[in-house]
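The values are calculated or read from the model by the stated rules, or taken from the named source; none is laboratory data. Here the structure is a predicted model, which is why all the values come from computation and not from measurement. Backbone-built Cβ (ideal geometry, glycine too); neighbour counts: all protein chains shown. Surface accessibility is based on the protein's heavy atoms, side chains included, excluding ligands, DNA and RNA. Shrake-Rupley method; radii C 1.70, N 1.55, O 1.52, S 1.80 Å.
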Amino acid sequence: MESLLALLRAAGDPSRLRLLFLLANAELTVSEITEIMGQSQPRVSRHLRLLCDAGFLERMKEGAWVFYRATDRDDAGQLSRAFATLINPDRDLILKDDLKRLAQVREARARQAARYFAANAAQWEKIRALHVPETEVESSVLRLLRHARLDQVLDAGTGTGRILELLSPHLRRGIGIDSSPEMLAIARDRLAKAGILNCQVRRGDVYRLPFADATAEDGFDAVIFHQVLHFLDDPQAVIREAGRVLRGGGRILIADFAPHLLEFLRNDYAHRRLGFSNAEVESWFRTAGLKPTTMESFAAPSAVQGLSVVIWVGELIAVPRARESGAAA
Ligand SMILES: C[S@@+](CC[C@H](N)C(=O)[O-])C[C@H]1O[C@@H](n2cnc3c(N)ncnc32)[C@H](O)[C@@H]1O
């Protein structure tokens, strides 16, 4: 009872409840929270500290930025989920405003990233090759995916369509989704020039995939995020969304960076996150109902210090019952 009371005391304040509500909906930095709540930074930091100490929040320091999000573990996780269901923003003007400003902050970020991709679409292949030991990663992607059924595959954040090109001989139908028309134009051109007929790309948002819920039997066999998640403000939400369109036994493959400290990638390359730890990726998988099955890492090439690539694979253990009557992708 003592620990429950301590949790309730920590949450029992209007600003801290607002914070819990916000951080159950998004992963945010202190300056973003300050902007959304309209409170001074010291005040916000004090509330954040209290909530972190109580176990309600996870704090991730990455270079000059610190991200906060509500935990989904232990009693604190259960309690914040209960708060989230009890709180109705439609009945509370302050929370409604917080959500409106959260949407504005997200839109501003998305516009910034879109400007970057529009400006860099043509030279993306060069940037891509700079970042990673490409051929090694690609052959692992192939090896890890092709031993199981690849009837329908989704390349989320397909960019110039390279991953679809790589996988096309091994799959029946490939779909690439991207939010950037400039990137999609290059991807279409690439697929057409290579004579690839079993893959297509279309405009879409990885937060709201344009597909119905998958069922145990019907849906995507694999969803791939190749160098996409570090641009996004809520990778966990994106993995949950990808899980929604996976058939039972389907897999999510993520290729991204291991944690690093190359702060300039934020300013010059629009990265939001400086890589991900195994623990973080595995917790996304588990939250989405997937079992982490594989982790392979590729040490940084000497020319680009400090950027190691990791491939993580998770497998959907079972499609939730509620989905079993739904339509397929
Ligand atoms: C770094 S590129 C990687 C492209 C490709 N996967 C590759 O490895 O070459 C990231 C891509 O994610 C796309 N992207 C970013 N945010 C997105 C979103 N919310 N929905 C869909 N695509 C998004 C960008 O437009 C960009 O093409």
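What are the residues whose amide H is under 5 Å from the amide H of C199, where those residues sit 5 or more places off or on another chain and H is modelled from the backbone?
The list, which skips near neighbours in sequence, is G174.
With the Cα gyration tensor of the chain in hand, convert its eigenvalues to equivalent ellipsoid semi-axes via √(5λ) and list them largest first in whole Å.
Details: eigenvalues 239, 107, 70 Å².
Rounded to whole Å, the semi-axes are 35, 23, 19.
Please list, in chain and number order, the residues 5+ apart from G250 or on another chain whose amide H is under 5 Å from its amide H, with Hs placed from the backbone.
Here L316 satisfy the definition.
For the range 162-287, give the magnitude of the charge dipole about the Cα centre (Cβ charges: +1 Lys/Arg, -1 Asp/Glu; no others), in debye to the nearest 20.
Numbers: 17 positive and 17 negative charges, 72 e Å.
Computed charge dipole of the range 162-287: roughly 340 debye.
Could you give the accessible area per residue of the range 149-273, probe 1.4 Å, as a whole number in Å²? Each step should come with its number before you reach the end.
On the way: 4360 Å² over 125 residues.
Value returned for the range 149-273: 35 Å² of accessible area per residue.
Which value at 222 nm does the chain reach when only helices count, each DSSP H run of 4 or more adding -39,500 (n - 2.57), with the total divided by all residues and rounded to the nearest 500 deg cm²/dmol? Can you show the working numbers first?
Details: 13 runs with 151 residues, N = 329.
Taken over the chain, the calculation gives -14000 deg cm²/dmol.
Considering only protein heavy atoms, what per residue accessible area in square angstrom results for the range 13-80 with a 1.4 angstrom probe? Present the calculation step by step, with values, prior to reporting the outcome.
Working: 2990 Å² over 68 residues.
Normalised by residue count, the accessible surface of the range 13-80 is 44 Å².
Over the Cα atoms of the range 2-119, how large are the radius of gyration and the largest Cα-Cα distance (Dmax), in Å?
For the range 2-119, the Cα-based Rg and Dmax read 14.8, 55 Å.
How far, in nm, would the chain grow between R9 and R172 when pulled straight, counting 0.36 nm per residue and subtracting the alpha carbon separation?
Between R9 and R172, full extension yields an extra 53.1 nm.
Among G195, G77, G243, which one shows the biggest mean-square fluctuation in a GNM of the chain, springs joining Cα atoms closer than 10 Å?
Taking springs between Cα atoms under 10 Å, the residue moving most is G195.
How much of the DSSP beta bridge set in the chain is antiparallel, as a percent to the nearest 5? Please report the intermediate quantities before stating the final value.
Working: 24 of 43 bridges.
Within the chain, antiparallel bridges account for around 55 percent of the total.
Which whole-number percent is the relative contact order of the chain (Cα, under 8 Å, 6+ apart)? Intermediate values should be presented prior to the final figure.
Numbers: 566 pairs, mean separation 47.1, N = 329.
Computed value for the chain: 14 percent relative contact order.
What is the sum of charges, Lys and Arg at +1 and Asp and Glu at -1, for the other residues whose Cβ falls under 14 Å from the Cβ of L4?
Values: positive: R9; negative: E2, D74, D75.
Taking every Cβ under 14 Å from that of L4, the sum is -2.
Using only C-alpha positions, report the orientation-averaged shadow area of the convex hull of the range 199-248, nm², one decimal. Write out the running numbers ahead of the final one.
On the way: hull surface 15.3 nm².
It is 3.8 nm².
Averaging sequence separations of C-alpha pairs under 8 Å and six or more residues apart, then dividing by the length of the range 94-218, give the relative contact order as a whole percent. Spell out each step's value before the answer.
Details: 140 pairs, mean separation 27.2, N = 125.
It rounds to 22 percent for the range 94-218.
Would you please give the residues with an amide H less than 5 Å from that of A121, counting only those at least 5 places away or on a separate chain, with H modeled from the backbone geometry?
Those lying under 5 Å, H to H, from A121: there are none.
How big is the range 189-312 in terms of Cα radius of gyration and Dmax, in angstroms?
Rg then Dmax for the range 189-312, in Å: 15.8, 45.
Say the dipole of the chain comes from +1 at the beta carbon of Lys and Arg and -1 at that of Asp and Glu; which of V245, A148, W312 then lies farthest toward its positive end?
V245
Regarding the range 67-210, what are the three Cα extents along the principal axes, ordered largest first, in Å?
In descending order, the Cα extents are 55, 36, 28 Å.
Sequence gap at least 6, Cα distance under 8 Å: using those rules, report the relative contact order of the range 1-66 to the nearest whole percent. List each step's numbers first, then the result.
Working: 34 pairs, mean separation 23.7, N = 66.
Once normalised by length, the contact order is 36 percent.
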